[in-house]
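Input: a single structure, listed below in structure tokens.
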Amino acid sequence: MQDQFSSAYMRELSRFLQQEKNSGKVIYPSGDEIFAALNATPLGQVKVVILGQDPYHGPGQAHGLCFSVKPGVMVPPSLKNIYKELAADIGFKAPSHGCLNHWAEQGVLLLNSVLTVVSGNAGSHQGKGWEKFTDEVVRVLNNSCSDLVFLLWGRYAQTKGAMIDSTKHCVLQSPHPSPLSASRGFFNKHHFSQANEYLRLHKQTAIDWQLPFEVEATSGINL
């Protein structure tokens, strides 16, 4: 991905983000957490890929991992539905927090399509260049790895994952876990147990989906 950082579109994106900050806008996540997903789950360690869309835009929520929020922040509705499906699928016990660091550290790449957002303004950094960057991440994963599990929840993720070669990777699709769409087929798909079955079949260690019941409020990704 190094060549992407020196590309014209990334330089333009960097200028745009600086202008946003100079105008007084609050950007989430913080600068040192924008690439947290890639830092937490390096290419050689990726086993499962979950594709999200935008970072959460509320104070203290986003920390660079899709669907995840910082410790001490209320669990968002979509993640609550993910917890419900985990409980039905593998007997998961829902913790009081929504921090998914434990997954990232085991090889679950929690990648948003857009990596920044303005506070209180959902989707505000769409179409500024992030999509091209994260498309390249997906392309590298598809071409450079084999036997990955891609969890594509919702039309947006499925469109972004259209390039994935299903003959060399496991692609599992369903509606998005948002309360607006989860009842239309997100539940009872058993994606988490299917992912682990595929990993075992291909001689890889399964993911421990059970999250720790408590994490410290200062807990974060080590960059």
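The values are calculated or read from the model by the stated rules, or taken from the named source; none is laboratory data. Since this is a predicted model, take the numbers as computed values, not measurements. Cβ atoms come from the backbone with ideal geometry, glycine included; neighbour counts cover every protein chain shown. The accessibility values were calculated without ligands, DNA or RNA, using every heavy atom of the protein model including side chains. Shrake-Rupley method; radii C 1.70, N 1.55, O 1.52, S 1.80 Å.
Summary table below
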quantity: Test: residue in the stretch 94-115 that is at pLDDT 95 or above, β-branched (Val, Ile, Thr) and more than 22 Å from residue 216 (Cβ to Cβ); calculated: yes
quantity: Answer residue from the stretch 98-113, given it is part of a loop (DSSP other than H, G, I, E, B) and open to solvent by 10 Å² or more (accessible area, probe 1.4 Å) and is farthest from residue 205 (Cα to Cα) among those; calculated: 105
quantity: Enumeration of residues in the stretch 13-29 that are loosely packed, with under 12 Cβ neighbours inside 10 Å and either within 20 Å of the chain's Cα centre (by Cα) or within 30 Å of residue 142 (Cβ to Cβ) (or both); calculated: 15
quantity: Answer residue from the stretch 147-167, given it is free of Cβ contacts under 8 Å to residues at least 24 places away in the same chain and farther than 25 Å from residue 83 by Cα and is surrounded by the fewest Cβ atoms within 10 Å (Cβ to Cβ) among those; calculated: 167
quantity: Residue that is nearest to residue 121 (Cα to Cα), among those in the stretch 45-97 that are of a type in the set (Lys, Arg) and outside any helix (DSSP H, G or I); calculated: 70
quantity: Residue, nearest to the chain's Cα centre (by Cα), within the stretch 35-44, restricted to residues that are closer than 23 Å to residue 158 by Cα and either touching a residue at least 24 places away in the same chain (Cβ under 8 Å) or surrounded by 14 or more Cβ atoms within 10 Å (Cβ to Cβ) (or both); calculated: 37
quantity: Enumeration of residues in the stretch 175-204 that are surrounded by fewer than 18 Cβ atoms within 10 Å (Cβ to Cβ) and free of Cβ contacts under 8 Å to residues at least 24 places away in the same chain; calculated: 180, 183, 184, 185, 197, 200, 201, 203
quantity: Which numbered condition residue 87 misses (of (1) over 11 Å from the mean Cα position of the chain (by Cα); (2) among the hydrophobic types (A, V, I, L, M, F, W, C); (3) closer than 21 Å to residue 155 by Cα); calculated: (3)
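For (1) part of a strand (DSSP E or B); (2) of a type in the set (A, V, I, L, M), each residue gets a yes or a no:
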site: 124; (1), (2): no, no
site: 142; (1), (2): no, no
site: 157; (1), (2): no, yes
site: 166; (1), (2): no, no
site: 173; (1), (2): yes, no
